[in-house]
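Notes for the one structure printed next.
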DNA sequence: TGCGACAACTAAAGCGCTTTAAGAGAATGG
DNA sequence: CCATTCTCTTAAAGCGCTTTAGTTGTCGCA
């Protein structure tokens, strides 16, 4: 393992080796205008020769700008994983870097946020926060903050994919395939599930399927989906839906399992649509049609919002009204949906 | 979102408010001996009143110790997620904090490592690295480094769970249930798969099952497992194994899918053991017996190793020999294994 | 020749903290 | 009563960088 600290070269070393002052070296290394061509060359040469890497902490401290975005996420969530990747990409385009923090046994969401603030990040991104409104508002007061996947509050902007549009996409797709008996597997209590349920109703009405609206109890986990499937399969044949839209992929996958074991082919006997476009949905063996919340789009919108707040000065400060940024989800069509069988 | 920087209080503010010097305030806030009881009280009071939080960057810069462990991981891996959580816990016990970095589109493993080093972390943890040996050795030369899940090289220590023991546990368990025809579903080319295959052979021999050794081609994904299952189910009945040990959970789950759809009950018709004890294996609907690499154990060992190298001075520097830390995996028994049917 | 304008550079003052070395009292003791 | 030893404080020197204000030297032009 170890090695004694091989004494990293510092800026003065580079400057000395290049025969210039640290001021010049600093300017050159950051590509700032000023130094002459000759100076630039010798500094770059010296830096390369010494293997110089600036000390981030010192730079940040001196520059009073950290170019750091703090991201608070749940390390065990695949959806968050995708968001983090996308955020990093988007941050890079704005010259920002990410510092990550996650909720663990010894640190709750507030503690993790504090840790990020201690790094003096210029903006805070909170993924799917379970924080109380008041705590959120407090954070928003200390640092430009965006929550992803839920509505903002007070000074905190929310960036989210429209659930209404999501369900519209799902119902449209199924209706186009000839389905009429389209059931919706409900989620847990909460604003997200409410929005999706509402979106489902609205979309059904839109297609003149008011009479077919069919909301069955579900949940968030695979086993919830499994129970739902049992319930649906227990109905008399005529009353069974020909298609299912589930609150999320996990629920959809649980239902799918039971349905298949019941001897019903998918999509011939029943079409299924999930929500989230999670990695399991993409597995060749699962191949689930799903609504993607477009992590890349969410990430871009998030970073753009924060970046705007950095240079665009404080936004609508006094009036602590918040504005959400709502993007459109996408329908990812896979093998779990097909035309309704004759 | 925004808010104009509400000017965080600095140490001088606290000191001033408490009527002491910054030196005293600094000592008090870090619980160092020196200041009197009265001083302690007033500083703490002032800090609380102002809502003071030290600027991490400034502290780190001045203290020349960062107490930071850099962790390089794959944000899309559930196994890494568990490790990160466990690492954080373990680091906390040693007074260390984690700074995370992940491979993304714009940053490869080496780039991510550089980012971590720029944060001046005192130790580097690389989870399941795909880095070349030479790159690893280079990192190890710059900073105490531990790789998790693979053997070390040069100055880099490896921390891993014994594959030999893992397969021993699996075979023991099945043998105890009366199985004799235990097949092993092989993994992709590489040292890990080799170690597991060897462990399987050894364990079988140990149980006097030399004649039953049965290694079938597999792979790392669900679909690889599915193909394997098709191959096995294509055999004449007598030659079919009564139990399967798969290279990993994903492969096991793919096989399980095909087997169930083939009308064979699990575990009555066939027992299956996976490897990794990944979240999908734990799902109620999957309920897969699996070998856990004991993330908590790995994390503890990793942090302990690094911590030792911090104060214990450089370890065996000149001789660039490396030592691995090998821990024992655990068998997690679930519903996918049962007694061999009569 | 002399003066302003400009380009290229640098000395030095921080950033917010830690730490060292030294100072000021108070307490001890001969 | 003065020397000695503590205990408690603090001024000041950094940490490695950025940035401001200012210096130097060159050139053009009246």
*Counting DSSP beta bridges with both partners in the protein assembly as shown, what percentage is antiparallel, nearest 5?*
15
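Using the count of nearby Cβ atoms within 10 Å as a rough guide to exposure, how do A:212, B:109, A:265 rank from fewest to most? Walk me through the numbers on the way to the answer.
Working: A:212 14, B:109 20, A:265 11.
In increasing order of surrounding Cβ atoms, one gets A:265, A:212, B:109.
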*Would you calculate the separation in nanometres between label points at residue A:235 and residue A:180, each defined as 7 Å from the Cα along the Cα-to-beta-carbon direction?*
1.4
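Need one word for the protein assembly as shown: rounded, prolate or oblate. Basis is the Cα gyration tensor (sqrt eigenvalues a ≥ b ≥ c); a/c below 1.5 gives rounded, then a/b vs b/c decides. Intermediate results must be reported in sequence, preceding the final value.
On the way: a/c = 2.16, a/b = 1.32, b/c = 1.63.
Oblate, because a/c is 1.5 or more while a/b does not exceed b/c.
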*asked:* As I understand it, the value is the acute angle between the Cα axis of helix A:78-93 and the longest principal axis of the Cα atoms of chain A; what does it come to in degrees, rounded to 10?
replied: 40
*Under the Kirkwood approximation applied to all pairs of distinct alpha-carbon atoms, what is the hydrodynamic radius of the range A:148-303 in Å?*
15.8
*Relative to the other copies, what are the label-point distances for residue A:212, with labels 7 Å from Cα along the C-beta vector, expressed in nm at one decimal and sorted shortest first?*
5.4
*Along the principal axes of its C-alpha atoms, what lengths does the range B:153-207 span, in descending order and rounded to whole Å?*
45, 20, 14
*Label-reachable residues, the range A:23-51, where backbone N falls under 16 Å from a point 7 Å from residue A:12's Cα toward its Cβ*: A:23-26
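Quote the relative contact order of chain A in percent (integer), defining contacts as alpha-carbon pairs under 8 Å separated by 6+ residues. Don't jump to the answer; show the numbers that get you there.
Details: 624 pairs, mean separation 54.2, N = 342.
Computed over chain A, the figure is 16 percent.
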*Cα centroid separation, the range A:147-192 to the range B:13-67 (Å)*: 49
_Label point distance in nm, residue B:23-residue A:172, each placed 7 Å from Cα along Cα→Cβ_ = 7.1
*So how far apart, in nm, are the two label points at residue B:326 and residue A:202 if each is 7 Å from Cα heading toward Cβ?*
6.1
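Given R₀ = 25 Å, what would the calculated FRET efficiency be for residue A:261 paired with residue B:215, taking r from the Cβ atoms and rounding to 0.05? Mind dumping the intermediate values first?
Values: r = 30 Å, r/R0 = 1.21.
After rounding to 0.05, the efficiency reads 0.25.
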_For residue B:94, place a label point 7 Å from Cα along the Cα-to-Cβ direction in every copy; what are the distances to the other copies, in nm, shortest first?_
3.5
*Which distances, in nm and shortest first, link the residue B:7 label point to the same label point in every other copy, taking 7 Å along Cα→Cβ?*
4.3
*Order of A:176-183, A:72-79, A:254-261 by packing, highest average Cβ count within 10 Å first?*
A:254-261, A:72-79, A:176-183
_Segment residue A:151-residue A:93, length gained on full extension (0.36 nm per residue, minus Cα span)_ = 18.3 nm
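Values quoted throughout were computed directly from the atomic coordinates according to the rules given, and no laboratory measurement underlies them. For clarity, every value in this text was computed on a predicted model and none was experimentally measured. Reconstructed Cβ throughout: ideal geometry from the backbone, glycine too, with neighbour counts over all protein chains shown.
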